[in-house]
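In what follows, a single structure is set out as structure tokens and then discussed.
Where a number appears in this text, it was derived from the coordinates with a stated rule and is not lab data. These figures come from a predicted structure and were not determined experimentally. Because the Cβ atoms are built from the backbone with ideal geometry, glycine has one as well, and the counts that use them run over all protein chains shown.
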Amino acid sequence: MITLTNDQLTVQVNELGAQLHSIKRYGDSHEYLWQGDSASWGRQAPILFPFVGRLKGDQYVFDGRTYHQTQHGFARDRLFKVVSQEADQVTLEQRDDEQTRKAFPFAFVLQVTMKLVDDQLQISYLVKNPSVDHSLIYAIGAHPGFNMPLGSGRVQLSVQPAETYSRVVLQGAYNDSNHPQVIDMHQSMELNHQVFEHDAVIFKTAGSNFMATLTDPASKRGVTVATEGTQYVGVWSSYPAQGEFICVEPWWGIADNLNADGQLLHKQDMHRLAPQQCAQYRFNIRPF
């Protein structure tokens, strides 16, 4: 376990999946990050790569071959190597190997940097394509869960910009982006377990910067997740199993469309990285 500290925050990171394990304000025992519970959701803050969400039938076709891959990809279940570390920041790395190529036939380098800056945790993903002749096709996202008394039915979700958004609806595990709903966020939304009866509330952010704040009115504690350039931001908790947590998920990608034909080259909202190129994705977490 890796520990990062500054004069305002203490954060722990697990090298398995480069997953956040703990977020606390310095000198305060309150835990902001969900600690996992197999009865509802056993993870804490997985990285989603090289897919966001579920593929139809847990498979896809590329270059005439069928590959099998479960929901959210494999990065979350693989060890990352520490590339560099200081008291308040760490960079971890995962590369393709014989095992990854059984499910994903691309060369890649994925680096995750977590850095404490004042009262915020800055997280960035750097995706590199080391190939000299093949493009890299992928999606990426984050799935941090935060301790929230969801059963109280009083947790507040507010967003910035406070405006009307297109909401992508899920039908089962797949997105129905052809029939979006409208979600008015000029005022905060009250969250309870039933809100997630049909899975995540997905905001189509379409490359805009977006800020989501969860607040427990009783304790006045909460978190703000500020995203940069996301295509979508999902807000989710488990249902019907009920845990006292809420995830705010920056996504650069999305689950297969209901009408997906299974061809990777046709998959909605995938990223294409030219040979020898790289791309960076960022978001911040501020506990209060």
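Are any of the residues in the range 29-36 among the aromatic types (F, W, Y) and farther than 17 Å from S237 by Cα? Checked the range 29-36: no residue is among the aromatic types (F, W, Y) and farther than 17 Å from S237 by Cα. Listed by first and then second residue, the pairs linking a residue in the range 95-118 that is over 20 Å from C278 (Cβ atoms) to a residue that is assigned to a loop (DSSP other than H, G, I, E, B) and of a type in the set (D, E, K, R), with Cβ atoms under 6 Å apart and 6 or more places separating them unless they lie on different chains, are L116/D88.
Taking the range 52-85 as the range and being within 21 Å of the chain's Cα centre (by Cα), in a loop (DSSP other than H, G, I, E, B), in contact (Cβ under 8 Å) with a residue 40 or more places away in the chain and farther than 14 Å from L110 by Cα as the test, the residues that pass are V52, G53, R54, L55, Q71, H72. Among all positions in the range 251-262, there is at least one residue which is closer than 22 Å to S158 by Cα and either in contact with a strand residue (DSSP E or B) (Cβ under 7 Å, 6 or more places away or on another chain) or of a type in the set (D, E) (or both).
Selection of the range 86-112 for residues being in a loop (DSSP other than H, G, I, E, B) and either more than 20 Å from the chain's Cα centre (by Cα) or farther than 17 Å from I47 by Cβ (or both) yields A87, D88, D96, D97, E98, Q99, A103, P105, F106, A107. Applying the criterion of at least 3 residues that are surrounded by 18 or more Cβ atoms within 10 Å (Cβ to Cβ) to the strands (runs of 3 or more DSSP E) found wholly in the range 183-288 leaves 201-204, 210-216, 221-228, 232-236, 245-252, 278-287.
Of D58, D63, D28, which residue is at negative phi, out of contact with any helix residue (DSSP H, G or I) (no Cβ under 8 Å at 6 or more places or on another chain) and not aromatic (F, W, Y)?
Numbers: D58 fails: at negative phi; D63 fails: at negative phi.
Among D58, D63, D28, only D28 is at negative phi, out of contact with any helix residue (DSSP H, G or I) (no Cβ under 8 Å at 6 or more places or on another chain) and not aromatic (F, W, Y).
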